[in-house]
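The values are calculated or read from the model by the stated rules, or taken from the named source; none is laboratory data. These numbers come from a predicted model, not from an experiment. A quick note on method: Cβ atoms are made from the backbone with ideal geometry, for glycine too, and the neighbour counts reach across all protein chains shown. Surface accessibility is based on the protein's heavy atoms, side chains included, excluding ligands, DNA and RNA. Shrake-Rupley method; radii C 1.70, N 1.55, O 1.52, S 1.80 Å.
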Amino acid sequence: MPESVSNPSNPVSTDDLAPGPGTPALRWPSVWAGLIVVAIASALIAQSLRHGSGAGLLLPVLTLLVCLLAASFDAATSRIPNPITYTAILVGLALNSIPTLLTAVRGPDIGPWLGTVGVGQAFLGFGVCGGIGLVCLLLAGMGGGDVKLLVAVGALLGFSQATHIFLWTLVIAVPYALINLLIRGRLNGVLAAAGLQLLQIVCLHRFDPVDAPSRTTIPLAVPLTLAIFCARIVPQEVVARWLGGT
């Protein structure tokens, strides 16, 4: 990472945080440890507020945090680092496999607390989202980082939830693109600045003025992150009725 990053008098620019040869300096194990700790704490708090009722929230919260971090990189640098997406895919497949493995050895059932969807759903989400992403990559010009993030969401939340989120992503991305076009790219500029502010706090542990040029490309990780909220608020049955016209 450039030496100027350690100088508080210099504003942070996209070059300071762009994925590349300097990416290992971001100490990804520490970043991921922080994500998991925050996800566990948030899931415990949410579960206590609901008096222990309802499905577990660890995986949904972790997915939201992963997408939020990816969206920050996407908005600020137009790239999503592989340590986010590849690790998320492995974590999703591993966590969704844990309840099955524990059941095989007659261990405790922690699936309800984790919010897992099962190993079958996880691998199906991984495969189908990979196929959808590949089609979008070849036909619609979707970025490779966006494809890998979509696959990670499939591995974390399973096929059913991931497809629900993907539909919401398309619904949000279209008006986002139109608004950004109408205001001459300023929406991208605002999100780039916000992404840089968040990244310098999480990755550089500092808070300084940012230098965020307006981006011409649409950061698809941003609509994907917003889609997670919409998918949690609006049930799949309601979306199905909308699409069916009933």
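Things to note:
- Probe 1.4 Å, accessible area per residue of the range 29-94, Å²: 41 Å²
- Sulfur and carbon atoms: percent of accessible area, the range 65-156 [1.4 Å]: 72 percent
- Between Leu178 and Phe229, full extension at 0.36 nm per residue minus the direct alpha carbon distance yields a gain of 16.3 nm.
- Extending 7 Å from the Cα toward the beta-carbon at both Leu101 and Ile45 defines two label points whose distance is 3.0 nm.
- Per residue value of the accessible surface for the range 104-176 (all protein chains in place, 1.4 Å probe), Å²: 46 Å²
- Length released on extending from Trp28 to Asn82, taking residue separation times 0.36 nm less the Cα-Cα span: 18.4 nm
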